[in-house]
Structure formats: structure tokens, C-alpha cells
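Beneath this line is the structure, given in C-alpha cells, with notes to follow.
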Amino acid sequence: EPEVTQTPSHQVTQMGQEVILRCVPISNHLYFYWYRQILGQKVEFLVSFYNNEISEKSEIFDDQFSVERPDGSNFTLKIRSTKLEDSAMYFCASLSSFGEQYFGPGTRLTVT
Amino acid sequence: AQSVTQLGSHVSVSEGALVLLRCNYSSSVPPYLFWYVQYPNQGLQLLLKYTSAATLVKGINGFEAEFKKSETSFHLTKPSAHMSDAAEYFCAVTPSGFQKLVFGTGTRLLVSP
């Protein structure tokens, strides 16, 4: 069964460093999303992406964040200069033709 | 704007007992509603969805949910809990099939022998 994959599973970085989180959505899906979950809190929407453009973004998704689909399979989230408060689990999701978002296993980002 | 309220951050049941996890939504348009389950150190797995068809929706692992517009509710139930059901459950709402999901705060289900 097709699934969304994410790499790495855990990333540790120092404050101020750039990180890139990678996702491979399910191959025939057209909408992609990033969410995050700070430890002990609810899952929050960051950004959605369709047709090589951001279709919606949240207040969290400020100028420090960017997304890209560099090729036909990968979907990346970049944080330019990480802060302590960026520590969270980041989930990628892609949308099926039935309107169901399928989530990857997540990348745990720890900023020290 | 859409929002979801999940009553009870923790629910404890005995194995074999009825599971009831509550979700109330707020939406300015007819909503699409979802339940996801998250096992420890894993991602979110879709349990079931409501998209304006049948009000009683059946999902995986024996779970079902009923959409009640008059009560703005979409509670998740399972007749008989199993130890393997222990996980965190999230209710989510979206105004359309492709827009962002808005999640509730989650309910941790604990199942005792």
C-alpha cells in the first residue's frame, strides 16, 4: 500500500542553523501539506501546496519557513534559522482523490 | 472558521467495554469531519471520515462515528475495546475536501485488562 515517507526521522540542530525536512508524498496525489505538533499539544497546520504554489499558510509559517517541490517526488520544508520553539514533530501529508489526507510518520526536530 | 473540541484529554476503559470519544465541531459551512489515531512514536492514521453522505460512518478496526448536525457532534465509538486500541485519537474538521485540517487537542485512550 502506498504511503507517505519522511526523512530524517529525527533531526537535532543548533539554534540559528538551517534545516530541511524531506517528504515523499503518495505518487498520484496533488495536494501536499505540512503540519507540526509541539510535544503535548495539538497538531497545527503550517502550509498547503498545490500546482507548485502555496495555496494556504498559517500565521506560524513566517519568512523563516519555505516549501519546495524540487522534483517530481520530493516535497521539502526548510527552516532558515531555527529557534528553540521550532522543536516539534513535523508531519507531511498528501491528499487522495477521495479527500483524505494521508500522513507520514513525522520528523522529530530538536533545536538546542 | 472551523474548530473542534474534544472533551476529555484522557479516557480509561476496561478491555471489552464500550469506547466513546467525544468530538464537537464548529463550522460556518457543512463540514468534512475526520478521526485519526496516533500510536506512540508514529504518525497519524486515518480511522474514518464524514463527507455529507451517510451520517453513521464505519471505519477501520471496528470504530464508527455518527454525525449529528443538531448537536454539532461527531463522537467516535467502538462496542468492545481491545488492548491494541490504546492510543491518542484526534478529531479534525475541514470546510472542503482539500483545505487544511483543524485538529482537536486529542484524547488519550487507556485500556486496562
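Each value in this text was obtained by applying a stated rule to the coordinates, not by laboratory testing. Just so it is clear, the structure is predicted and the values come from calculations on it, not from any experiment. Positions of Cβ are backbone-derived with ideal geometry, glycine not excepted, and every protein chain shown enters the neighbour counts.
Relative to one another, the C-alpha centroids of segment B:36-113 and segment A:1-70 are positioned 23 Å apart.
For B:Gly97, neighbours were defined as the other residues whose beta-carbon sits under 13 Å from its Cβ, and their charges (Lys and Arg +1, Asp and Glu -1) total +1.
Inter-chain Cβ neighbour count for A:90-102, averaged per residue, equals 4 (cutoff 10 Å, partner chain atoms only).
For segment A:3-112, GluC sites (Glu not before Pro) meeting the loop criterion (DSSP other than H, G, I, E, B) and having at most 14 other Cβ atoms within 10 Å: A:Glu3, A:Glu18, A:Glu59. Of the residues B:Thr51, B:Thr94, B:Thr5, A:Thr112, the one with the fewest other Cβ atoms within 10 Å heads the list, and the complete ranking is A:Thr112, B:Thr5, B:Thr51, B:Thr94. Across segment A:8-24, rounded Karplus estimates of 3J(HN,Hα) from the backbone phi angles (6.51 cos²θ - 1.76 cosθ + 1.60, θ = phi - 60°) give x, 7, 9, 10, 10, 9, 8, 3, x, 7, 8, 10, 10, 9, 10, 9, 10 Hz, Gly and Pro being marked x. For B:Tyr32, nonlocal amide neighbours, meaning residues 5 or more places apart or on other chains whose placed amide H falls under 5 Å from its own, are B:Thr94, B:Ser96.
As a calculated quantity, the FRET efficiency between A:Ser81 and B:Ala1 at R0 = 41 Å, using C-beta atoms, amounts to about 0.85. The mean number of Cβ atoms from other chains found within 10 Å of a Cβ in peptide A:40-46 is 5, as a whole number. Need one number: nm distance between label points at B:Leu110 and B:Leu20, each 7 Å from Cα along Cα→Cβ, rounded to one decimal. According to this spin-label approximation, the distance is 2.0 nm.
Applied to segment A:93-100, the Karplus parametrisation 6.51 cos²θ - 1.76 cosθ + 1.60 on θ = phi - 60° returns per-residue 3J(HN,Hα) values of 9, 9, 9, 7, 5, 9, x, 10 Hz, with x for Gly and Pro. Springs between alpha-carbon pairs under 10 angstrom, Gaussian network model over chain B: which of B:Glu71, B:Glu15, B:Glu88 fluctuates most? Fluctuation is largest for B:Glu71. Among A:Gly16, A:Gly40, A:Gly72, the largest mean-square fluctuation in a Gaussian network model of chain A (Cα springs under 10 Å) belongs to A:Gly40.
When the chymotrypsin sites (Phe, Trp or Tyr not before Pro) in segment B:1-64 are filtered for DSSP coil states and for at most 13 other beta-carbon atoms within 10 Å of their beta-carbon, no site remains. Sparse packing (at most 13 other Cβ atoms within 10 Å of the Cβ) combined with a DSSP loop state is found for the following trypsin sites (Lys or Arg not before Pro) in segment B:6-98: B:Lys69.
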